[in-house]
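Taking it in order: structure first as structure tokens, then the write-up.
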Amino acid sequence: MTEFDDEVAILAPALSFEQARADDLDLRAGLAGLAGLVSGSLDLQELLTRVASFATRAIPGADGAGVTLLRANQDGTRIEALAASAPFVRDIDEIQYVVLNEGPCITATLDRRTVRSGSLGGDRQWPRFGPRVGRLGVHSALSLPLLLPDQVVGAINVYAHGKDVFDEHAAELGELFAAPAAVAVHNAQVLAQALDLTIQLQTALSSRPVIDQAIGLLRGRTGGSAVEAFARLRVISQRENVKLAVVAQRIVDEAVRRARARSHET
Amino acid sequence: MDISTAWAADLAALTESLDEPGTDISQTLRQLAADTKIAVHSYLGLSAILSVGGRRLEFTALEEDAEPEDIRASLRISFPPALSGSEDPAATASLILFAAMPGAFLDLATDLSWLTGSLDGLDTAAFVLDEDLTVPHDPAPPSGLKARSTIDQAIGVLISQGNTPEQAHHHLDLLAAYTRVDQPTAAEAILAEPDQPSTAGLRADDRRPAHTRPQPGADTHQPPQDP
């Protein structure tokens, strides 16, 4: 027996060898997808959508998956659905996070444990969520918390239309996928935030000079304060629905054009 | 995270320039710090070093109670202009993360290289370990952005008075030289009387704008000649 066969036997002693081997190959394919996850762009939503697709592939029976993250903001920490591999998952996320604030993913994230249901419509754990999702024709759910050593950073939610699709074996495979996925998602998030910060600083740094020049121009014309001039710029920007930097550039360009014309005349 | 008052004001001004409702650069910074700390427990803070359109920005934000001499590990991430979306091909942008434990960023750097795979410009060369064990500058210096803002606003005032940008810069240079002050101080003098009619230059005292005239008792040396 090879090392690979040993793993298959440990993972799923009750399955046929062929089924266990096929499941293992799917899991490996899903995990391999995590390498090079951030390819093409560093858009967090895009890469989480890829993680959701890899999860759908790695977990037997899955028809779709979504990824949610815990996000800290000024009002505290909240759960945000950020990516879905299929439109029906997005509909379920909307019911879970926006409409009801109840469901397996919220339970998995808050309790930091894998949550499974094979008949959502009659599941008493989520008396409002279950029936609504059941009516959409989705009956099985597997929610896997994304756990780092001392922190939960989100969850992967896997759904299937059939009943009792996710057994213990599927949950085990899901957990094997979720462990490295948690690290990958979190590190990708760190990188995406580092890039966000860089882009925000660079964009602001490049637009600030022309905004300041426009403030000076308005102050020169009206004698007001910098705050008043900025407020005026903002009003123009909002009225015309144009970015502040674009309005500022237009004001400066126009004044410079006039100054150059006058300079050529003299 | 400890963001000094000066940097908080700068970050607020930069956020204002971004003009993106819901975006707060300080909040992005805090979120990055919080998430980095989850990945690297001994995280101490970060420095940002950027240059775009000839303007340079450097700042450091350390965690509360962290001191520059605590730094034992660093990870520098350099973003190429293509990735950061800058239109300036000469733009540079690096973030340096600091930690207290030697080798603290090894796993994160390895994971990031693994994750980014074939992403253009973010190969292994973009992640540099432990070469920046000192902060690149004083974490709480006087704000340079405010001085640049003052100068740019003064240039705007001078343009509003009919000067081309070149004339406006020249005017400001002459004023600073004539009054023996630095450019931000000369710019402040212009902004103190923004609606004061100016002249096209400084060739003669009687055409000189009010803010260039020597104050009573001031040194009455001759201004440099406007070429």
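If only residues of the range B:83-111 that are aliphatic (A, V, I, L, M) and away from chain A (no Cβ under 11 Å) are counted, the one that is surrounded by the fewest Cβ atoms within 10 Å (Cβ to Cβ) is B:A90. Looking at the range B:14-32, which of its residues are crowded, with 20+ Cβ neighbours inside 10 Å and either more than 11 Å from A:L197 (Cα to Cα) or in contact with an Asp or Glu (Cβ under 6 Å, 6 or more places away or on another chain) (or both)? B:L14, B:S17, B:L18, B:D19, B:T28, listed by residue number. Once the range A:195-211 is narrowed to residues that are closer than 19 Å to B:T150 by Cα and in contact (Cβ under 8 Å) with a residue 24 or more places away in the chain, the residue that is farthest from the other protein chains (Cβ to nearest Cβ) is A:V210. Inspect all residues belonging to the range B:78-85 and state whether any of them is in contact (Cβ under 8 Å) with a residue 60 or more places away in the chain and either among the hydrophobic types (A, V, I, L, M, F, W, C) or in the same structural domain as B:A13 (by TED's automatic domain parsing) (or both). Checking the range B:78-85: not a single residue is in contact (Cβ under 8 Å) with a residue 60 or more places away in the chain and either among the hydrophobic types (A, V, I, L, M, F, W, C) or in the same structural domain as B:A13 (by TED's automatic domain parsing) (or both). When the range B:60-82 is limited to residues that are within 9 Å of chain A (Cβ to nearest Cβ) and buried (at least 18 other Cβ atoms within 10 Å of the Cβ), the one that is nearest to A:Q202 (Cα to Cα) turns out to be B:F79. Checked against the criterion of being in contact with a helix residue (DSSP H, G or I) (Cβ under 6 Å, 6 or more places away or on another chain), crowded, with 22+ Cβ neighbours inside 10 Å and either more than 30 Å from B:D111 (Cα to Cα) or in contact (Cβ under 8 Å) with a residue 40 or more places away in the chain (or both), the candidates A:A192, A:A226, A:A214 yield just one match: A:A214. Screening A:V153 with (1) in contact (Cβ under 8 Å) with a residue 24 or more places away in the chain; (2) under 29 Å from A:A22 (Cβ atoms); (3) in contact with a helix residue (DSSP H, G or I) (Cβ under 7 Å, 6 or more places away or on another chain); (4) not basic (K, R) gives one miss only, at (2).
Residues checked against (1) at the interface with another protein chain (Cβ under 7 Å from one of its Cβ atoms); (2) within 39 Å of the chain's Cα centre (by Cα):
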| position | (1), (2) |
| --- | --- |
| A:V242 | no, yes |
| A:E254 | no, no |
| A:R260 | yes, no |
| A:H264 | no, no |
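Residues considered: A:A184, A:A229. Of these, the only one that is under 24 Å from B:A168 (Cα atoms) and facing another protein chain (nearest Cβ under 9 Å) is A:A229. Looking across the range B:157-169 at every residue that is in a helix (DSSP H, G or I) and within 15 Å of B:A189 (Cβ to Cβ), the one that is nearest to the other protein chains (Cβ to nearest Cβ) is identified as B:V157. Condition first: of a type outside the set (A, V, I, L, M) and not in a helix (DSSP H, G or I). Can you find one or more residues in the range B:31-42 that meet it? Yes: the range B:31-42 contains one or more residues that are of a type outside the set (A, V, I, L, M) and not in a helix (DSSP H, G or I).
Determine, yes or no, whether A:F166 is surrounded by 23 or more Cβ atoms within 10 Å (Cβ to Cβ), in a helix (DSSP H, G or I), more than 14 Å from chain B (Cβ to nearest Cβ) and in contact (Cβ under 8 Å) with a residue 40 or more places away in the chain. No, not satisfied.
The values are calculated or read from the model by the stated rules, or taken from the named source; none is laboratory data. Computed from a predicted model, the values in this text were never measured in an experiment. Cβ sites come from the backbone with ideal geometry, for glycine too, and all protein chains shown count toward neighbours.
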